[in-house]
Amino acid sequence: MEDMSAITVGHFPLASGEWIPPHSHTHHQLAWTRRGVLSVGVGEVYWVLPPTRALWLPAGVTHATGATRDAVLCSLYLAPERCPLDWPEPTAVGVDGLLAELIGYLARLDLPDDVRLRAEAVLPDLLRPLPTRPIDVPQPTDERVRVVAAALLAHPADPRSLEAHARAAGVSRRTLTRLFARDTGMSFDQWRTQVRLRAALPLLAEGQPVSRVAHDVGYATASAFLAAFRRTVGTTPRRYLLSR
């Protein structure tokens, strides 16, 4: 008998630190986890997904998926020709109790076709785009900038100034400033902020206190971290994690 479903559900266990290499799908995908914390990278743009949010990935978009804590990737695959949504860009959506239960319901294999089709028709109405921005960490190409970038990616809390990093890379402060802007489209401070917030998000999603996370990623105070988070992500960490 022909499969009448427009949505299929797959589950993929991921250990902490494990990544699925870059790939794409012929179907739209909704990536979510009921526990743990997922990360999804599309090029140089990065989303962190606690259980309160999922990510819509249009068909054909190349992405890599990983876990910062043990998780089970729950992927919904939506046939483009039968999906009323056609969002062209990856889009974060909030996951509340109703959507979480519906996802679990659609994962069942014993649903009659008519029951499944009615449930599938509800799903698009529950996908609410969130007014937050992903973290963008463009990777430089110039070897001198890459030395600085590698140091910051390895240790986001590195307190050294632009001038100190320039000396370590063997260039002047002015040259490093120019190269950063050319290679990344950002200033050194803007790029470092993105790196620090990218490192902070999984820690926040794991429930660590804001004050500890702020210190761990290089901020002297929680208020300075919160101001940078709101300015960059578009909301507070609490609202981000609660998806309200």
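Bear in mind these aren't lab numbers, they're just calculated from the coordinates by the rules spelled out. Keep in mind it's a predicted model, so treat the numbers as computed, not measured. Positions of Cβ are generated from backbone atoms using ideal geometry, with glycine treated the same way; all protein chains shown enter the neighbour counts.
Quick look at the numbers
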| item | result |
| --- | --- |
| Per-residue [θ]222 nm for the chain (sum of -39500 (n - 2.57) over DSSP H runs n ≥ 4, rounded to 500) | -11500 deg cm²/dmol |
| Computed over the chain, Kirkwood Rh from alpha-carbon pairs, angstrom | 19.4 Å |
| Sparse-neighbourhood loop sites, GluC sites (Glu not before Pro) in the stretch 1-86 - DSSP loop, at most 16 other Cβ within 10 angstrom | E2, E18, E44 |
| Dipole of the stretch 139-244 [Lys/Arg +1, Asp/Glu -1 at C-beta], most positive-end residue of H215, L153, T232 | T232 |
| Label-point gap, in nm, between R182 and S223 - each point 7 angstrom along Cα→Cβ | 4.0 nm |
| Å³ per residue enclosed by the Cα convex hull of the stretch 18-94 | 80 Å³ |
| Contour excess over end-to-end distance, with Cα ends at R230 and E44 and 0.36 nm allotted per residue | 64.9 nm |
| Using a Förster distance of 35 Å, the FRET efficiency for A168-H215 (Cβ separation, nearest 0.05) | 0.90 |
| Among G185, G41, G66: highest mean-square fluctuation, GNM of the chain, C-alpha pairs under 10 Å | G185 |
